[in-house]
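The block underneath contains the structure these notes are about, expressed in C-alpha cells.
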Amino acid sequence: MTDKRVPGRTLSILRTAAAIMLAIPAGLAVLTATAGPAAADGVAGRWRSVSAFGADECAIRTDGALWCWGEAFDASSPGLSWTEIAPRTRWAEVENAWFHSCGIRTDRTLWCWGWNHTGAFGIGVTTGEGLPGEVIDPGTVIPAQEISRSRWLDVAPGRWFTCAIRVDGTLWCWGDNRFGQVGQGHVSDYQNGYGSPMRVGTATDWKQVASAGDSVCGVRTGGTLWCWGANNHGQIGDGTTTTRLVPTQVGTDTGWLSVSTGRTSACALRTGGQLWCWGNNESGQIGDGTTTTRLVPTQVGKGVTWTTVDVGTSHACGLSGDRLWCWGADYHGPSGGPTMTPTRVDTDFAWTMVSANEERTCGITTGQLLRCWWPGGSI
C-alpha cells in the first residue's frame, strides 16, 4: 500500500470529554471520549449528517467539515480518535462501507478514501490510504481521492465496490464483481473486478442507490425498485435466492421512494409512509415479529408513518417525523435481547436522521447534536 497522505498542519484536538457534544441513551454504559474535533465556537460543533457502517463512522458538520472515527483511524481505541478528511470544507454527503468511504462535495465531485485494493475508488489503480486497522495519529488530515470531475447525485459504497449516480441520471459501478454487483451481466474473480466506473444499463432516470454488503438496490424516478448482486438471503427481494447480475425489478409497484441496504437485508419506503423490509431475518431485523427470512418485501411497522429508514448488519432503525424507532439485534438500546418489531428508542430527544452500523447506531438530533451508542458504550 502506498501511503499518499499529504503533509499538513495538525489540527488541534480538544482532549476533554466536554469537547464532544455527544449524549448517552438512558441505560447504556458510558465510555468517556478523550479526543474530538475542534470547533471555532469552542464546542464540538453542530452536525448535519452521519454515516455509520463497517468499522468506522463519518459525519459532516454544519460548516461542511467532514470527520471520521473508528477502527480504521485508531484500532486501539475505536470511537475515541477523530480524523478530518481533506479537502476540509464543502462536503454535502458521506457514505461508509466495510473498508472504504465516499463523499460528494457541494460542487458534486465524488471522492473516496480507505482501502482501494479491489479498485473500489474507480481511479484505475489499486492504491489507497488509511488501511483498516492502521493507527493514524489523532489530528492527522487524511486526503480523499477525487474520482472524477463529473457531477454526481448519489453514492453507495459496498463491501469492496462502489456505485454512484451522475446528475444526468445514469448509474455507474466499479470494483469487486464476484457477485455481479457491478451490474455488467457476469461475475469476475476477486482480483479482476473493474478499476474504473462502468455504466449500468442505459437508463437515465436513477434517483437513489444503496449498498452495504455484496448487493445493490436503487430507485428510479418512476418509483420502481431494482436490486442486483448477492442474493444468498433473499436480499434482492425477487422471491428467489439467485444471484442477479444486472438490475432486477422488485415486484411491479411504482410507489417506491427510497431504499436502504444492510449486509444481507434491505428496507424501503413507499408513498404514504409505508415501510417494507426483506432478506435475512435471523436477528429480527425485518421487524415483522419473526426470524423467518423474507424473499419479497414485507410490510412492517403498520400504523406508523415512516419518513426515513437505515439498515445495519443485523438491526435497522427509522424515523417517523422526529421519533426514533429501531428493531433487530440489540445494538440500539439496553433491553439485552433482540427487538422483533419497531420499538421507540431514546424518547428524550427529537431526531433528524439515523444511521445503523454493524453493531452501533448513530443519529443527529434536532438540536444538531451527534450521538452514537452500542451495548456497553457510547461516544
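The values are calculated or read from the model by the stated rules, or taken from the named source; none is laboratory data. Quick caveat: nothing in here was measured; it's all calculated off a predicted structure. For neighbour counting, all protein chains shown are included, and Cβ atoms are generated from backbone atoms with ideal geometry for every residue, glycine included.
Quick notes on this structure:
- Positions within segment 245-261 being in a loop (DSSP other than H, G, I, E, B) and small (Gly, Ala, Ser), in sequence order: GLY251, GLY255
- Condition met for GLN181 (in contact (Cβ under 8 Å) with a residue 40 or more places away in the chain, of a type in the set (S, T, N, Q) and within 25 Å of ALA316 (Cβ to Cβ)): yes
- Of all the residues in segment 282-326, those that are part of a loop (DSSP other than H, G, I, E, B), of a type in the set (Gly, Ala, Ser) and crowded, with 18+ Cβ neighbours inside 10 Å number 6.
- Qualifying residue in segment 267-279 (condition: closer than 18 Å to ASN357 by Cβ, out of contact with any Leu (no Cβ under 9 Å at 6 or more places or on another chain) and at pLDDT 95 or above): yes
- Just one of (1) among the charged types (D, E, K, R); (2) within 27 Å of ASN280 (Cα to Cα); (3) touching a residue at least 12 places away in the same chain (Cβ under 8 Å) fails for ASP189. It is (3).
- Selection status of GLY70, on the phi > 0 side of the Ramachandran plot and modelled with pLDDT of 70 or more: yes
- Restricting segment 229-276 to residues that are of a type in the set (Val, Ile, Thr) and surrounded by fewer than 16 Cβ atoms within 10 Å (Cβ to Cβ), the residue that is nearest to VAL300 (Cα to Cα): THR271
- Selected residue (criterion: modelled with the highest pLDDT) from residues of segment 74-108 that are in a loop (DSSP other than H, G, I, E, B) and among the aliphatic types (A, V, I, L, M): ALA97
- Residue list for segment 317-336, restricted to those being among the polar types (S, T, N, Q) and modelled with pLDDT under 95: SER335
- Qualifying residue in segment 262-269 (condition: of a type in the set (D, E, K, R), part of a loop (DSSP other than H, G, I, E, B) and within 19 Å of GLY239 (Cβ to Cβ)): no
- Within this structure, THR62 passes the test of being surrounded by fewer than 19 Cβ atoms within 10 Å (Cβ to Cβ), at pLDDT 85 or above, of a type in the set (Val, Ile, Thr) and within 18 Å of ILE364 (Cβ to Cβ).
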